[in-house]
Each structure stands twice: as structure tokens, then as C-alpha cells.
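Asker: So that we are looking at the same thing, I have put the structure below in C-alpha cells.
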Amino acid sequence: MTSRPEGVDTTSRAKLAGSAYKDEADLAARQSLYGWQQPRYDLPGIVLDHLPASATRVLDLGCGNGKFLQRIRRERPRAFAVGADISPGILAPLPAPTVAADAAALPFASGRFDVVLAMHMLYHVAELAEALAEIRRVLVRGGLVFVSTNGRRDKSELDDLWSAAAADVLGVAEGPRRVALSERFTLEDAPRLLGPYFDQVTAIDLPGVITVTNPEPVLAHLRSYRAWADEGGVPFDATVDRAHELLVRHIERHGEFTVTCQGGVIVFRNPL
């Protein structure tokens with residue numbers, strides 16, 4: 001198996017706020033790839049289905065472009081829903097209340113929220129233990145934490161594609177795999193990492209297959225990692241261009257390109 005590029009820091013506050021999530025463009029590109037997935041999952045709807053009717057105070061931690069936050073506000077108008085993110089830029093278009101905040105030092109009183117969402121964001125937290133302790137602190141006793149991330153083999157076809165393209169660009173037999181954000185905090189690891197802080201309630205596996213007949217959705221996804229281009233161990237634009245050529249060749253030969261997804265949501269409860 002090819003290795004990940006060494007030394008890639010996906011937790012740098014400066015990089016997260018200043019380039020990776022300075023606005024929603026790259027996040028939206030990554031989210032858009034799931035438009036070609038079957039089965040399709042309504043992730044905000046899944047959260048709402050498991051959100052207790054009694055939950056009137058919700059914190060969406062690492063809310064990004066507000067995909068979950070705005071849905072909760074629309075369908076639970078009586079709930080007080082706050083969005084928090086490390087990046088002021090990505091928060092700027094969202095309606096208040098929002099706050100730029102570090103997950104390891106939340107600016108909220110203890111017991112402030114009934115529910116905390118941590119959807120596809122804990123892999124960006126350098127001080128995970130401190131962040132989990134903070135989530136536990138701001139939750140009421142018995143409050144819920146919704147966590148989402150991906151499995152270890154999620155989108156492995158993109159690993160293979162990037163590795164092949166990088167190998168061609170570098171002139172080596174085997175290139176490094178792409179930067180994979182969720183590798184720091186995988187679906188398999190989440191119960192063990194959150195176990196010291198919370199009780200697990202339920203796990204919702206969300207497997208699927210993305211099928212494209214045009215290379216652009218995949219290329220947009222690959223380009224969305226430009227914030228880490230200087231750490232990937234390969235010339236970024238040249239590798240994307242070579243991946244484009246390989247994708248076109250694959251689709252011409254097979255009629256489509258498929259990507260296997262291993263996502264999921266785990267619900268935890270703050271001990272009473």
C-alpha cells in the first residue's frame with residue numbers, strides 16, 4: 001500500500017482559517033461530489049430524525065458553510081442554534097448567532113447546550129482531548145453529541161488515482177497517496193477516542209458508491225485540497241492534470257469511474 005505524504009498538518013489553525021476554509025469554495029467542492037453517490041443520504045435530515053424534541057439549545061461546532069445549522073434553524077424554529085467555526089471567513093455569510101472559536105477553548109458557559117454537532121470536523125482538531133473535554137463541559141448532563149467522519153478505506157479509489165498520477169509526474173514506480181483529512185479521526189477510531197468522555201448511543205453507517213461519467217466532479221474534489229499543496233510531496237497542479245488524463249482514459253475504457261464511500265454518524269450521550 002502506498003504511504004500518505006509525510007508531515008502534512010491538517011490541524012494548523014492559520015491554514016484552516018486562512019486558506020482551507022477562508023470561504024466555502026473548497027468545502028462546497030468536496031460536498032458536491034456526494035451528489036453522484038448512491039444511495040443518497042440526507043445528513044441534516046438524519047441528525048434531525050435523532051434530535052430529541054426537547055433539544056432547544058444546539059451548538060454546531062465546526063459548522064462550516066452552515067449545511068446543518070441552517071436546516072436545524074428552518075425545521076426547528078424554536079431551537080436556539082449557534083454556529084461556531086475556527087474561520088471567521090466561512091462564517092461571514094451565515095445569519096447570527098455565530099462565533100469564531102477554537103474547539104479546545106469554547107466561549108460558552110458550562111451546561112449551555114442540549115446538543116453539540118461535530119460533523120466532519122474533529123479530524124482538524126490538534127488538541128482532541130481538550131476539545132472533547134470542552135464539548136462535555138458545555139453540554140447539559142445527558143446531552144447528545146453527534147459525530148461524523150469517514151472510515152479508513154473511504155474513497156480508496158481516489159488514493160489509487162492520486163498515487164498513479166503522482167508517480168507519473170515524479171517519474172517513480174509508486175507515488176504518495178492524497179491528503180486524506182479523516183485519517184486522523186476515522187469512523188473506526190471514534191468510539192475508542194470518545195469513550196473516556198461519553199457513552200455511545202447509536203452508530204449509523206452510511207456506505208455508498210459514487211459513479212461519474214465525467215471527470216470534473218472528481219477533479220473538483222481533488223483541487224479542493226489545494227490548501228495543503230505545499231505539503232503533499234508532489235507538484236500539485238501537474239498531479240491534478242495527470243489525474244485528469246488518467247480519469248479520461250478510464251472513463252473511455254469503462255464508461256464510468258466509481259468511488260467507494262465509508263461514512264457514518266455516531267451519537268454519544270454526556271453521562272448523567
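Read-outs throughout are calculated quantities, based only on the coordinates presented, and are distinct from any laboratory measurement. The model shown is predicted, which means the values in this text are computed figures rather than measured ones. We place every Cβ from the backbone using ideal geometry, glycine too, and count neighbours over all the protein chains shown.
Asker: Which of ALA84, VAL267, SER54 sits closest to the plus end of the dipole of the chain, meaning its Cα is farthest towards the positive end, when Lys and Arg get +1 and Asp and Glu get -1 on the C-beta?
Answerer: SER54
Asker: Turning to a different aspect of this structure: Arrange the peptides 174-180, 193-199 so that the one whose residues have, on average, the most other Cβ atoms within 10 Å appears first.
Answerer: Ranked by mean Cβ neighbours within 10 Å, highest first: 174-180, 193-199.
Asker: I've got another one for you. What Kirkwood Rh does the stretch 109-155 have if only Cα atoms enter the pairwise 1/r average? Answer in Å.
Answerer: Hydrodynamic radius (Kirkwood, Cα only) of the stretch 109-155 equals 11.6 Å.
Asker: If you put +1 on each Lys and Arg Cβ and -1 on each Asp and Glu Cβ, how big is the dipole of the chain around its Cα centre, in Debye rounded to 20?
Answerer: So the dipole magnitude of the chain works out to roughly 1000 debye.
Asker: Roughly how many whole Å is it from the C-alpha centroid of the stretch 163-203 to that of the stretch 37-92?
Answerer: 24
Asker: If I take the Cα coordinates of the stretch 195-272 and project them onto the principal axes, what are the three extents in Å, biggest first?
Answerer: Projected onto its principal axes, the Cα set of the stretch 195-272 covers 56, 33, 15 Å.
Asker: Oh, and also: Determine, for LEU48, LEU94, the number of other Cβ atoms within 10 Å of each Cβ, and report the residues in order from fewest to most.
Answerer: LEU48, LEU94
Asker: Assuming R0 = 41 Å, what is the FRET efficiency of ARG249 and VAL201, from their Cβ-Cβ distance, to the nearest 0.05?
Answerer: Efficiency, rounded to the nearest 0.05: 0.35.
Asker: Taking 2.2 N^0.38 Å as the expected size of a compact globular protein, what ratio does the Cα radius of gyration of the chain give against it, to two decimals?
Answerer: My calculation over the Cα atoms of the chain gives 1.03.
Asker: With springs connecting C-alpha atoms under 10 Å apart, model the chain as a Gaussian network and identify which of ASP205, ASP60, ASP159 has the largest mean-square fluctuation.
Answerer: For the chain, modelled as a Gaussian network with Cα springs under 10 Å, the answer is ASP205.
Asker: Given the options ILE210, ILE135, ILE251, state which has the largest fluctuation in a GNM of the chain using a 10 Å cut-off (strictly under) for Cα springs.
Answerer: ILE251
Asker: Once both labels are modelled 7 Å past Cα along the beta-carbon direction, what's the ALA25-LEU272 spacing in nm?
Answerer: 5.1
Asker: If the elastic network links every pair of Cα atoms under 10 Å, which of GLN31, GLN200, GLN70 fluctuates the most in the Gaussian network model of the chain?
Answerer: Checking each option, the largest mean-square fluctuation is seen for GLN31.
Asker: Charges on Cβ only, +1 for Lys and Arg, -1 for Asp and Glu, centred on the Cα centroid of the chain; of VAL209, SER19, PRO39, which one is farthest towards the dipole's positive end?
Answerer: Positive-most Cα among the choices belongs to PRO39.
Asker: Okay, next question. Just how large is the dipole of the stretch 29-75 about the Cα centre, in debye to the nearest 20, putting +1 at every Lys and Arg Cβ and -1 at every Asp and Glu Cβ?
Answerer: Values: 7 positive and 4 negative charges, 30 e Å.
Computed about the Cα centre, the dipole is about 140 debye.
Asker: Cα-based Rg (one decimal) and Dmax (whole number) for the stretch 105-232, in Å?
Answerer: Computed over the Cα atoms of the stretch 105-232, radius of gyration and Dmax are 18.2, 57 Å.
Asker: Next up: Loop-only check: which trypsin sites (Lys or Arg not before Pro) in the stretch 24-86 are DSSP coil with at most 11 other Cβ within 10 angstrom? Can you show the working numbers first?
Answerer: Working: sites: ARG30, ARG40, ARG57, LYS67, ARG71, ARG73, ARG74, ARG78; in loops: ARG40, ARG78.
When the trypsin sites (Lys or Arg not before Pro) of the stretch 24-86 are filtered for loop state and at most 11 Cβ neighbours within 10 Å, ARG40, ARG78 remain.
Asker: Go through ALA104, VAL125, ASN150 and say which Cα lies farthest out towards the positive end of the charge dipole of the stretch 50-170; charges sit on Cβ, +1 for Lys and Arg, -1 for Asp and Glu.
Answerer: ALA104
Asker: Sticking with this one: With the cut-off at 14 Å, report for the stretch 29-119 the share of all Cα pairs above it, as a whole percent.
Answerer: 65
Asker: Looking at the chain, what % of its DSSP beta bridges pair antiparallel, to the nearest 5?
Answerer: 60
Asker: Now for a separate question. Do you know the relative contact order of the chain, to the nearest whole percent, from alpha carbon pairs under 8 angstrom that are 6+ apart?
Answerer: 25
Asker: Give, in nm to one decimal, the length gained when the segment between ALA129 and VAL99 is fully stretched (0.36 nm per residue of separation minus the Cα-Cα distance).
Answerer: Length gained, ALA129 through VAL99: 8.7 nm.
Asker: As a test of the formula, what do you get for the chain when each DSSP H run with n ≥ 4 contributes -39,500 (n - 2.57) and the sum is divided by the residue count, at 222 nm and rounded to the nearest 500 deg cm²/dmol?
Answerer: -9500 deg cm²/dmol
Asker: Considering only the other residues whose Cβ falls under 11 Å of the Cβ of ASP154, what net charge follows from Lys and Arg at +1 and Asp and Glu at -1? Numbers along the way, then the final one.
Answerer: Numbers: positive: ARG152, ARG153, LYS155; negative: GLU157, ASP159, GLU183, GLU188.
Neighbour charge sum, excluding ASP154 itself: -1.
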